[in-house]
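Asker: I'd like to ask some things about the structure below.
The values are calculated or read from the model by the stated rules, or taken from the named source; none is laboratory data. This structure is a prediction, so every number in the text was calculated from the model and none was measured. Please note: Cβ atoms are built from the backbone with ideal geometry, for glycine as well, and neighbour counts cover all protein chains shown. Only protein heavy atoms, including side chains, enter the accessible area calculation; ligands, DNA and RNA are left aside. Shrake-Rupley method; radii C 1.70, N 1.55, O 1.52, S 1.80 Å.
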Amino acid sequence: METVPNELKTSSKIGDRPTSDVVVRLRTQDGRDDWLYCHSHILVEESKYFADRLSDSWPTCQFLDSRNCVEVYCEEPDLDSHVNVLRLFYVIADGLMMEICHGVKNALGILRVAVKLGCPRITAVCVDYLEAVPWEEAEEEEILNTIPSMGSKVEPVLARLQPVNPTAVMKIFLAALQFATSSPPSPLNDLKNTAQEQLEYMLTEDDDAPLLTADEEIKLEVMRCVKKLLDRFNSIVESLLCDLQESISDAGKMQSLHSCLTDLLWACQILGKLEIIRDFVCSWTELSVKLVTIVQQKDEENQILKTKLKVLEVTAKVLEAIGYGIVVLPTVKRLHMVKLWLPFVRTMKPLVDSVTEETEDEITLKVDSEIWQSLESAFVAIILALPSVDQTDILTEWLENQQIRYPDLTEAFEVWCYRSKVAKRRLATLGEEHNTAKAV
């Protein structure tokens, strides 16, 4: 096929009836019937479809208005895109052609028609345009529904959506992990929060599989970074204890404590997903006495209440892990956690409930009701796994306490009553069975 000289292309204009020799008839099922006066030398050069239709080998030939006629059937929404493609046949410079794309939706419509009519130059321009410009979410979905069926020539459009190889995913995960567990300047806190959210998203299995497999290398690196976070937290706790002994109040340190608690709460989520929360639970158990000492001695101002609530959120995660057997601790440590945190939780609930109004100087404290339910369920589970004598002491203290409404240990009390009543009979039966088996 001979290339049409630019001079001839420039002198020809779409819709110029006197110089045209072809009528392109665009028709739709809805009855639209548009005629466009065109030039065969341009149609043949730009489109394989028109080259075939206007060739001598095409079996039938139609005429309209004393000219060759090529009918093109299309859907009503695609009619404007067909007209745009025919207009682009007459544009010489690819740069000018790209300007006509003006928008993802328009360019995608032109691309669909260009692929259908076999127009390599226009296809290439649309691909370059779509590959380079930003997409809105709805546009991205439309591209995903359209491009894959068009073949390899349009694959560059999807370059930004291709899966990343595991090595690259690992690199960005580790980089984000380092930043998410660091202590950056306050202007970078939003970026740090984003890193934490996206790390959790990478490891979450939803409609899609997790972005990366949590192998031993990832688990070790997560544990290492969380240990650094815990070390930083421990240093803050020790410093606050010293200040407490010397009657010094440092708002900056309390803010650092609150910030670190927020990071630790996030770390609980990650460690839980990776099933490596044991070391964290053990560390929190060791720190608990110091932590309760600090937050109980502070004034009941809003910032301290917010910090106490953050302490409760982390503690809820720890107690859940202990109560449901995710982390197995010795009896003495489980009893220690109940005796330490039960009174703290008991006094916190009414305190938080009493803060209900928002003023200009104070932010309303909001606590998800699930936290209180989680704490209550965890306490019941831990208590029922303790020796019966320890259960008796805890339940007696609960029944005598004025704050009996929360946490509600009714379930533990009912189970204790049943077990205590039938204990002699059940254990006697076991003893008899053991003696019988021994005699045999």
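Asker: Give me the percent relative contact order of the range 82-228, please, defined on Cα pairs under 8 angstrom at least 6 residues apart. Spell out each step's value before the answer.
Answerer: On the way: 94 pairs, mean separation 22.8, N = 147.
About 16 percent, as a whole number.
Asker: Average the reciprocal distances over every distinct pair of alpha-carbons in the range 137-226, invert the result, and give the Kirkwood radius in Å.
Answerer: Numbers: mean 1/r = 0.0643 Å⁻¹.
Across the range 137-226, the inverse of the average 1/r is 15.5 Å.
Asker: Among 215-221, 385-391, how do they line up by average Cβ neighbours within 10 Å per residue, starting with the highest? Walk me through the numbers before you get to the answer.
Answerer: Details: 215-221: 12.1, 385-391: 14.0.
The peptides rank, most packed first, as 385-391, 215-221.
Asker: Using the Cα centre of the chain as origin and beta-carbon charges of +1 (Lys, Arg) and -1 (Asp, Glu), tell me which of Pro184, Ile304, Gly325 is placed farthest towards the positive end of the dipole.
Answerer: The listed residue farthest towards the positive side: Gly325.
Asker: Same structure again: What is the spin-label model distance, in nm, from Val169 to Glu216 if the labels are put 7 Å beyond Cα along the C-beta direction?
Answerer: Each label point lies 7 Å from its Cα, and together they span 2.1 nm.
Asker: If packing is taken as the mean number of other Cβ atoms within 10 Å per residue, what is the order of 111-121, 273-283, highest first?
Answerer: The packing order, highest mean first, is 111-121, 273-283.
Asker: OK, next. For the range 7-58, what is the Kirkwood hydrodynamic radius in Å, using each pair of distinct C-alpha atoms?
Answerer: On the way: mean 1/r = 0.0836 Å⁻¹.
Final number for the Kirkwood radius of the range 7-58 is 12.0 Å.
Asker: What residue among Leu203, Leu64, Leu351 shows peak mean-square fluctuation when the chain is described by a Gaussian network model with Cα springs under 10 Å?
Answerer: Comparing Leu203, Leu64, Leu351 in a Gaussian network model of the chain, the most mobile one is Leu64.
Asker: Classify the range 72-177 from the C-alpha gyration tensor, please: rounded if a/c falls under 1.5, else prolate or oblate depending on whether a/b exceeds b/c.
Answerer: Numbers: a/c = 2.53, a/b = 2.18, b/c = 1.16.
Prolate.
Asker: Once fully extended, how much extra length lies between Tyr49 and Arg278, figured as 0.36 nm per residue of separation less the alpha-carbon to alpha-carbon distance?
Answerer: Values: separation 229, 0.36 × 229 = 82.44 nm, distance 6.76 nm.
Extra length from Tyr49 to Arg278 when fully extended: 75.7 nm.
Asker: Right, something else. What are the lysines whose alpha-carbon lies under 17 Å from the alpha-carbon of Lys253, with same-chain residues fewer than 8 places away excluded?
Answerer: Straight-distance partners of Lys253: Lys290, Lys298, Lys306, Lys308, Lys310.
Asker: Another one. I want the antiparallel fraction of DSSP beta bridges within the chain, as a percent rounded to 5.
Answerer: 60
Asker: Running a GNM on the chain with Cα contacts under 10 Å, which residue among Lys339, Lys153, Lys317 ends up with the highest mean-square fluctuation?
Answerer: Residue with maximal mean-square fluctuation among Lys339, Lys153, Lys317: Lys153.
Asker: Calculate, for the range 64-172, the solvent-accessible area per residue in square angstrom, rolling a 1.4 angstrom probe over the heavy atoms of the protein chains.
Answerer: Details: 5680 Å² over 109 residues.
Counting only protein heavy atoms, the per-residue value for the range 64-172 is 52 Å².
Asker: For the range 249-294, I need the span (max minus min coordinate) of the C-alpha atoms along each principal axis, in Å, sorted largest to smallest.
Answerer: 38, 20, 10
Asker: Roughly what angle does helix 120-132 make with the longest principal axis of the chain, taking Cα atoms, 0 to 90 degrees, to the nearest 10?
Answerer: Long axis of 120-132 versus the principal axis of the chain: about 30 degrees.
Asker: Another one. Report the extension gain between Leu158 and Gln245 in nm, rounded to one decimal, defined as 0.36 nm multiplied by the number of residues separating them, less their alpha carbon distance.
Answerer: On the way: separation 87, 0.36 × 87 = 31.32 nm, distance 6.26 nm.
That pair, Leu158 and Gln245, stretches by 25.1 nm at full extension.
Asker: Pairing the Cα long axis of helix 137-146 with the longest principal axis of the chain, what angle in degrees results, from 0 to 90 and rounded to the nearest 10?
Answerer: Tilt of helix 137-146: around 60 degrees.
Asker: Still on this structure, I have one more. How much mean residue ellipticity at 222 nm does the chain get from its helices, if each DSSP H run of length 4 or more adds -39500 (n - 2.57) and you divide by all residues, to the nearest 500 deg cm²/dmol?
Answerer: Details: 18 runs with 283 residues, N = 440.
Calculated at 222 nm, the ellipticity per residue is -21500 deg cm²/dmol.
Asker: Applying 1/(1 + (r/R0)^6) with R0 = 45 Å to the Cβ-Cβ distance of Ser182 and Gln373, what FRET efficiency is obtained, to the nearest 0.05?
Answerer: Working: r = 33 Å, r/R0 = 0.74.
That pair, Ser182 with Gln373, gives E of 0.85.
Asker: Hey, another quick one. Which three semi-axes in whole Å describe the equivalent ellipsoid of the range 30-90, each the square root of 5 times a Cα gyration tensor eigenvalue, listed largest first?
Answerer: Details: eigenvalues 74, 43, 25 Å².
Result for the range 30-90: semi-axes of 19, 15, 11 Å.
Asker: Return a whole-number percent for the relative contact order of the chain, with Cα pairs under 8 Å and 6 or more residues apart as the contact set. The partial results should precede the final answer.
Answerer: Values: 396 pairs, mean separation 34.9, N = 440.
Once normalised by length, the contact order is 8 percent.
Asker: Starting from the Cα gyration tensor of the range 14-122, take the square roots of the eigenvalues, sort them a ≥ b ≥ c, and report rounded, prolate or oblate (rounded when a/c is under 1.5, otherwise prolate if a/b is larger than b/c, else oblate). Before the final figure, lay out the partial values.
Answerer: Details: a/c = 1.66, a/b = 1.35, b/c = 1.23.
In terms of gyration-tensor shape, prolate.
Asker: If I histogram all Cα-Cα distances within the chain using bins 20 Å wide from 0, what percent of pairs lands in each bin?
Answerer: Bin by bin from 0 Å, the calculated values are 18, 31, 20, 19, 10, 1.
Asker: Can you figure out the FRET efficiency of Ser388 with Lys253, using R₀ = 30 Å and their beta-carbon distance, to the nearest 0.05? Don't skip to the end; give the middle numbers.
Answerer: On the way: r = 43 Å, r/R0 = 1.43.
So the FRET efficiency works out to roughly 0.10.
Asker: Expressed as a whole percentage, what fraction of the accessible surface of the range 23-165 belongs to carbon and sulfur atoms when a 1.4 Å probe is rolled over the protein heavy atoms? It would help to have the intermediate numbers written out before the result.
Answerer: On the way: 3850 of 7460 Å².
Whole-percent figure for carbon plus sulfur exposure: 52.
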